[in-house]
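The values are calculated or read from the model by the stated rules, or taken from the named source; none is laboratory data. The structure displayed is predicted, hence computed values, not measured ones. Because the Cβ atoms are built from the backbone with ideal geometry, glycine has one as well, and the counts that use them run over all protein chains shown.
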Amino acid sequence: MSKRIRKAVFPVAGLGTRFLPATKTVPKEMLPIIDRPLIQYAVDEAIEAGCDTLVFVTNRYKHAVADYFDKAYELEDKLERAGKFEQLEMVRNPLPKGVRAVFVTQTEALGLGHAVLCAKPVIGDEPFAVILPDDLIWNRGAGALTQMADAAETSGASVIAVQDVAREHTGSYGIVATEDFAERQGRIRAIVEKPKPADAPSTLAVVGRYVLSPRIFALLETTTPGSGGEIQLTDAIARLLAEEAVNAYRFQGTRFDCGTHIGLIGATIRYALDHEKLSAAAQGLMSEALREMGVTELE
Ligand code: G1P
């Protein structure tokens with residue numbers, strides 16, 4: 001598997017119930033950090049890593065995601081007439097030249113593994129990436145997927161992003177047991193979906209970035225429902241371990257779980273503080289809010 005990945009899968013068929021009522025009409029992938037929706041950050045990361053085929057696994061409620069990557073003739077016309085050329089540039093080319101978007105429907109919410117399997121006809125027989133847009137990874141250098149794609153190209157192995165979490169949180173993640181790490185990578189020996197803290201083989205958690213061998217599709221086809229009654233990608237990966245090398249990768253960057261309120265807030269703060277035009281104002285606003293709330297000492 002030492003080919004460079006060219007295709008990335010974005011499972012975006014989830015309900016996003018944590019963000020109700022907003023997600024009653026706005027898919028969670030369209031929630032913004034500053035001025036760009038989460039899905040845009042995920043897509044940018046995939047394009048930076050070298051992907052030219054973006055596969056969105058959606059459902060019938062997610063038209064907004066497809067619309068977002070489509071041409072908006074009326075809006076473009078209005079912006080042009082109004083002479084708002086900077087804004088026009090922002091909406092004119094939703095994807096760079098040579099990059100295409102493919103939409104695949106997941107008709108039933110049967111789990112992440114099932115969502116990835118829906119992309120099989122577009123991926124075919126080559127290594128590919130999976131990005132969960134909820135997991136936003138902020139980094140000043142190369143994006144997390146670029147780091148992983150480089151590693152996968154060199155090793156020929158599948159690569160899964162991981163980070164340490166507190167033991168009480170293992171039940172929210174896929175958890176891996178690995179051999180010793182060399183540099184940022186360690187070969188995975190076991191992987192289990194959402195184990196209770198007492199049963200977790202380690203505290204190394206899977207983050208939503210994967211570079212996978214196409215062999216995963218055959219395994220997903222015969223994977224039975226697991227944690228939460230869903231077809232889990234983690235369970236198919238557990239079977240892949242018996243056949244091929246799969247490495248855990250400690251990426252460089254800060255991950256925000258934008259599937260939670262505090263993660264979305266954290267990402268907004270970080271991107272605001274790092275923003276060319278907003279940083280100073282954001283710092284001022286934060287100190288003022290803390291002062292007014294009577295928070296005088298920061299931990
Ligand atoms: C999914 C995966 C899990 C992984 C997590 C990362 O879970 O099933 O293995 O650790 O994403 O965000 P979800 O958060 O969709 O329940």
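Give me the residue from the stretch 175-200 that is closer than 25 Å to ASP125 by Cβ and in contact with a helix residue (DSSP H, G or I) (Cβ under 7 Å, 6 or more places away or on another chain) and, out of that set, farthest from the ligand (Cβ to nearest atom).
The selected residue is GLN185.
Of the numbered conditions (1) under 27 Å from ARG184 (Cα atoms); (2) away from the ligand (no atom under 16 Å from the Cβ), ILE123 fails exactly one; give the number of that condition.
(1)
Enumerate the helices (runs of 4 or more DSSP H) found wholly within the stretch 1-95, keeping only those where 3 or more residues are touching a strand residue (DSSP E or B) at 6+ places or on another chain (Cβ under 8 Å) and modelled with pLDDT of 90 or more.
38-48
Condition first: within 14 Å of LEU95 (Cα to Cα), of a type in the set (Ser, Thr, Tyr) and over 14 Å from the mean Cα position of the chain (by Cα). Now tell me which residues in the stretch 22-54 satisfy that.
Result: THR53, single match.
Only one of (1) within 16 Å of the ligand (Cβ to nearest atom); (2) farther than 21 Å from PHE10 by Cα is not met by ALA129, so which one is it?
Single failed check for ALA129: (2).
In this structure, is ALA144 within 14 Å of the ligand (Cβ to nearest atom) and either farther than 24 Å from GLY50 by Cα or among the charged types (D, E, K, R) (or both)?
no
In the stretch 184-197, is there at least one residue being part of a helix (DSSP H, G or I) and touching a residue at least 40 places away in the same chain (Cβ under 8 Å)?
No, there is no match, as no residue in the stretch 184-197 is part of a helix (DSSP H, G or I) and touching a residue at least 40 places away in the same chain (Cβ under 8 Å).
Can you pull out the residues in the stretch 185-236 that are small (Gly, Ala, Ser) and under 23 Å from PRO133 (Cα atoms)?
Residues satisfying the conditions are ALA205, GLY208, SER213, GLY226, SER227, GLY228, GLY229, ALA236.
Pick from GLY186, GLY174: which is under 23 Å from GLN106 (Cα atoms), in contact with a Ser or Thr (Cβ under 7 Å, 6 or more places away or on another chain), surrounded by 15 or more Cβ atoms within 10 Å (Cβ to Cβ) and at pLDDT 95 or above?
GLY174
Has the stretch 201-223 got any residue that is closer than 28 Å to TRP138 by Cβ, charged (D, E, K, R) and either more than 13 Å from the ligand (Cβ to nearest atom) or surrounded by 19 or more Cβ atoms within 10 Å (Cβ to Cβ) (or both)?
Yes, that holds for at least one residue.
Cβ-Cβ below 8 Å, separation at least six or inter-chain, first residue in the stretch 111-137 and farther than 30 Å from ILE265 by Cα, second among the basic types (Lys, Arg): which pairs?
VAL122/LYS7; ILE123/LYS7; GLU126/LYS3; GLU126/ARG6; GLU126/LYS7; PRO127/LYS3; PHE128/ARG6; PHE128/LYS7
Taking GLU108, is it in a helix (DSSP H, G or I), of a type outside the set (Gly, Ala, Ser) and at pLDDT below 95?
The answer is no for GLU108.
Note down all Cβ pairs under 6 Å where the first residue falls in the stretch 219-233 and is touching a residue at least 60 places away in the same chain (Cβ under 8 Å) and closer than 12 Å to HIS114 by Cα, the second is more than 10 Å from the ligand (Cβ to nearest atom) and part of a helix (DSSP H, G or I), and they're at least six residues apart or on different chains.
Between residues of the stretch 219-233 that are touching a residue at least 60 places away in the same chain (Cβ under 8 Å) and closer than 12 Å to HIS114 by Cα and residues that are more than 10 Å from the ligand (Cβ to nearest atom) and part of a helix (DSSP H, G or I), the close pairs are LEU220/LEU117; LEU220/ALA236; THR223/ALA236; ILE231/HIS114; LEU233/VAL116.
Of everything in the stretch 148-171 that's free of Cβ contacts under 8 Å to residues at least 40 places away in the same chain and within 16 Å of the ligand (Cβ to nearest atom), which residue is surrounded by the most Cβ atoms within 10 Å (Cβ to Cβ)?
THR170
Output the residues belonging to the stretch 113-143 that are among the basic types (Lys, Arg) and either in contact with a helix residue (DSSP H, G or I) (Cβ under 8 Å, 6 or more places away or on another chain) or within 24 Å of GLY226 (Cα to Cα) (or both).
LYS120
Looking only at residues in the stretch 224-261 that are surrounded by fewer than 16 Cβ atoms within 10 Å (Cβ to Cβ) and in a loop (DSSP other than H, G, I, E, B), which one is nearest to the ligand (Cβ to nearest atom)?
So the residue we want is THR260.
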